[in-house]
Number of protein chains: 2
Amino acid sequence: MAHISPDQDVVTLINVFTVDPENQETLARVLIEATETTMSGCSGYVSANIHKSLDGTKVTNYAQWRSREHFEAMLSDPVARAHMTEAGELASGFEPQLYEVVFSDG
Amino acid sequence: MAHISPDQDVVTLINVFTVDPENQETLARVLIEATETTMSGCSGYVSANIHKSLDGTKVTNYAQWRSREHFEAMLSDPVARAHMTEAGELASGFEPQLYEVVFSDG
């Protein structure tokens, strides 16, 4: 289980993939497999959380890394890049952004 | 602190606002104030988590509601709608989506 809080020492990746609804489940499975086989073993990995939109058109990964530098190091890993290429090819577009949490209530 | 897990009985709103970097901080404050004064009192509210992108161009709300019906009831509340209009006017665009969590690791 992942936790969201401004007090956590993480950088947050929110990556929104736009997808044909017939590919939504496949894309979610590719991202889950990439997390389990590769990302979770990368230095600085904290969490990954895969979301499917109720309307079928999006898959969003809410992931936490120890730092921007750890995230960028993962991006240069050839195996991780192969997974991301596979995911990208299932989507019509994707928009990754790195964030800081400034407020959490609940 | 909010928790992410497929086992939680929630629907997740991920709303990505695109913003001029000079308005990022103001938009984040509007969303925090809306949460504290209005959303958090709505029936079915679970959590809200406001994120600022490191590049200045996005503000994203990761929010949890007990059900889609609770979220939609909030949308029809005039005070909540006024807050969302104020937030929308600070952004060049926003893309709200409702999700289910299908995988969480970390």
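What follows is calculated from the coordinates using simple rules that are stated; it is not laboratory data. Keep in mind the model is a prediction, meaning the values are calculated, not measured. As a convention, Cβ positions derive from the backbone with ideal geometry for all residues, glycine included, and neighbour counts pool all protein chains shown.
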Could you list, in sequence order, the residues of the stretch B:1-24 that are within 18 Å of residue A:105 (Cβ to Cβ), facing another protein chain (nearest Cβ under 9 Å) and of a type outside the set (Ser, Thr, Tyr)? B:1, B:2, B:3, B:4, B:8, B:11, B:14
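Considering only the stretch A:75-101, how many residues are in a helix (DSSP H, G or I), among the hydrophobic types (A, V, I, L, M, F, W, C) and either within 14 Å of chain B (Cβ to nearest Cβ) or within 26 Å of residue B:12 (Cα to Cα) (or both)?
Residues of the stretch A:75-101 that are in a helix (DSSP H, G or I), as a first pass: A:75, A:78-90.
Narrowing the set further to residues that are among the hydrophobic types (A, V, I, L, M, F, W, C) leaves A:75, A:79-80, A:82, A:84, A:87, A:90.
Then drop every residue that is not either within 14 Å of chain B (Cβ to nearest Cβ) or within 26 Å of residue B:12 (Cα to Cα) (or both), which leaves A:84, A:87, A:90.
Final tally of qualifying residues: 3.
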Does the stretch B:29-54 hold any residues that are facing chain A (nearest Cβ under 7 Å) and farther than 21 Å from residue A:5 by Cβ, and which are they? none
Residues of the stretch A:1-46 that turn out to be surrounded by 22 or more Cβ atoms within 10 Å (Cβ to Cβ) and among the hydroxyl-bearing types (Ser, Thr, Tyr), as a count: 2
